[in-house]
1. Can A:LEU99 be described as hydrophobic (A, V, I, L, M, F, W, C) and away from chain B (no Cβ under 11 Å)?
2. Just name the residue that is nearest to the other protein chains (Cβ to nearest Cβ) out of those in region B:47-69 that are under 25 Å from A:ARG129 (Cβ atoms) and in contact with a strand residue (DSSP E or B) (Cβ under 7 Å, 6 or more places away or on another chain).
3. Kindly check whether there is at least one residue in region B:155-167 that is among the aromatic types (Phe, Trp, Tyr), touching a Cys at 6+ places or on another chain (Cβ under 9 Å) and closer than 23 Å to B:LEU49 by Cβ.
4. Taking the criterion of being surrounded by fewer than 22 Cβ atoms within 10 Å (Cβ to Cβ), closer than 18 Å to A:LEU171 by Cα and either of a type in the set (Asp, Glu) or within 35 Å of the chain's Cα centre (by Cα) (or both), would at least one residue in region A:261-282 satisfy it?
5. Given the conditions (1) surrounded by 15 or more Cβ atoms within 10 Å (Cβ to Cβ); (2) at pLDDT 85 or above, which single one is not true for A:LEU165?
6. Being facing chain B (nearest Cβ under 7 Å) and assigned to a helix (DSSP H, G or I) is the requirement here; does A:GLU61 meet it?
7. Picking from A:THR31, A:THR44, which residue would you name as being at pLDDT 95 or above and among the polar types (S, T, N, Q)?
8. Out of A:VAL161, A:VAL113, report the one residue that is away from chain B (no Cβ under 13 Å) and either in a strand (DSSP E or B) or among the basic types (Lys, Arg) (or both).
Amino acid sequence: MDDVKDFDLWLRLRTARRQSIAYALTDEHLTVLMCNQAMNEWATGGVDDLVGQHLPDVFYELVGIEDFLYHLAINHGDTFAIPRIYRSTSDGQGRYFDLQIEPLAEFGTTLLVLAMDVTEQALMEQRLRQRRNELLLLQAQLSKANEQLTYLLHHFVPQEVARKLVSDPHLLRPGGEQREATVLFADARDFTSMAESLPPDQVLDTLNAHFEVIADAIRKYDGTLIEYVGDMVMAAFNVPDDQPGHALLGAQAALDIQRGLARFADECLGSNMPVLHFGVGLNTGPVIAGYQGTRHLYKFATLGDTTNVAFHICSRAAGGQVLISQHSMERLGRRAHVTPLGTIHLKRRRALLPIYELLGLEDAGTR
Amino acid sequence: MEMPLLQKKVCLLGDFAVGKTSLVRRFVYDRFDDKYISTIGVKVSRKSLIVPHDGGTVRMNMLLWDMAGGEDFSHVHASYLRGAAGAILVCDLTRAETLESMSRYAGDFWSINPTSPLVIVGNKVDLKDMRAITDAELQAVAESHARSPWFTSSAKTGEHVEELFQALGQLILATR
């Protein structure tokens, strides 16, 4: 029987030797009883011969599990493995081995410790994992950059325009299309004198707080915020997408702007926030809607006489007033409660333009 | 009288590229390399430190297990974690998703070593402009994991690196 056991051990060790596998035999306290030369090479600490050594002293990977291995030896438990252990080499590439510890039940409480060189596989795994991880990091960076660009696009370009550009970037080229639109301007009254009496940051805070109210009203009726110019807001309806009833939507937004600003003025009472009053002007007619500029800088614009007239009407509106053109009034029809304010004369025009103060809308519904 | 010497196994856990290897390199060799090299398997490094304990000091050989990050937990990892006296859970302060993985690593670790302490670390604090995890978020994760201590660190500048390993050393001694 002992011969068979000896033969079994001899065979295991010979197989290990043939396959260049490092091996050691230890007792249950991990003291090395015998080993081959290859095992010495995996040890740390510069030991020439492991025999008589406490294995965790030269294989730091075994520190902390001495009790576990003791019980493995005396209870003849399952083989324990620690794969892909790294050892540095002078060329910097390093070597890897799998450590396997199994109890030799036939030999009492002896443990067979095997170290198998897996450098080739590990280096291949390392190359693959390196590429995978670099790609994942790149993907994350691109995703973050995309989020930032989307944020910028949606906050520096009208939202509807940004949405169209993201879905079809080929749209971004100079030129545009002629279509009917309702153009709205809201302009602060006595802003210049207020701006002169306040520090610059408070001027911007004040303006932005009022613009927030105006922009909310425009967005509420799906208007497109075209731009802020100084103390003025410009918006348009029926651009870039179709909006049936755009004159009505523009009129609702205009009235909502004045209601919102009145509420805001009440809220500002007793605070340090100066109150601004805005005149609002509205006109309906054909515009050129598209991208204006050069390859260095584009902006979305609604150009043409309709826009110019809307601007001039707005300039005639007093703070808290909404003025509309004849064209807008005709589109609104009987729903519009208006007061005719006579006509205005625009430069380089012969015809006089009738304007109306919009007081309210009937049966238009609110949002 | 000679100080008692202890050998303690400490695991570094966290997603890939959070800086586990860099933290070990800074702590053990006081070096840093910006180039990212993914870790395969495990590399064990040893560092001696003097840890205050019970009014005196203890010399501790910390055996630092720097292991591959971002893999699913399996029996392979269980063999890596066995016998650890403590762990450092590392996230990258510039990648919010790396904080979300902390609970999984803590669970994996405590399933093998239920009484061993943790230290929570947000690394790459030097990249201030790219920061995606706040101190409050890091603290909340630490609080929810047995009120573990937490640090923001930079393997690049060395900020808080020594301190976080010291903190774990003291916790290991306190929970012996």
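The values are calculated or read from the model by the stated rules, or taken from the named source; none is laboratory data. The structure displayed is predicted, hence computed values, not measured ones. Quick reminder, even Gly has a Cβ in these numbers, built from the backbone with ideal geometry, and neighbours come from all protein chains shown.
1. No, not satisfied.
2. Quick first cut of region B:47-69, residues under 25 Å from A:ARG129 (Cβ atoms) only: B:63-69.
Narrowing the set further to residues that are in contact with a strand residue (DSSP E or B) (Cβ under 7 Å, 6 or more places away or on another chain) leaves B:63-67.
Numbers: B:LEU63: 5, B:LEU64: 10, B:TRP65: 8, B:ASP66: 9, B:MET67: 9 Å.
Step by step, filter region B:47-69, then rank; the result is B:LEU63.
3. Step one: list which residues in region B:155-167 are among the aromatic types (Phe, Trp, Tyr), which gives B:165.
With touching a Cys at 6+ places or on another chain (Cβ under 9 Å) added as a condition, the list becomes none.
Scanning region B:155-167, I find no residue that is among the aromatic types (Phe, Trp, Tyr), touching a Cys at 6+ places or on another chain (Cβ under 9 Å) and closer than 23 Å to B:LEU49 by Cβ, so the answer is no.
4. No, the conditions are met nowhere in region A:261-282.
5. (2)
6. On the way: facing chain B (nearest Cβ under 7 Å): yes; assigned to a helix (DSSP H, G or I): yes.
It is true that A:GLU61 is facing chain B (nearest Cβ under 7 Å) and assigned to a helix (DSSP H, G or I).
7. On the way: A:THR44 fails: at pLDDT 95 or above.
After ruling out the rest, the residue left standing is A:THR31.
8. So the residue among A:VAL161, A:VAL113 that is away from chain B (no Cβ under 13 Å) and either in a strand (DSSP E or B) or among the basic types (Lys, Arg) (or both) is A:VAL113.
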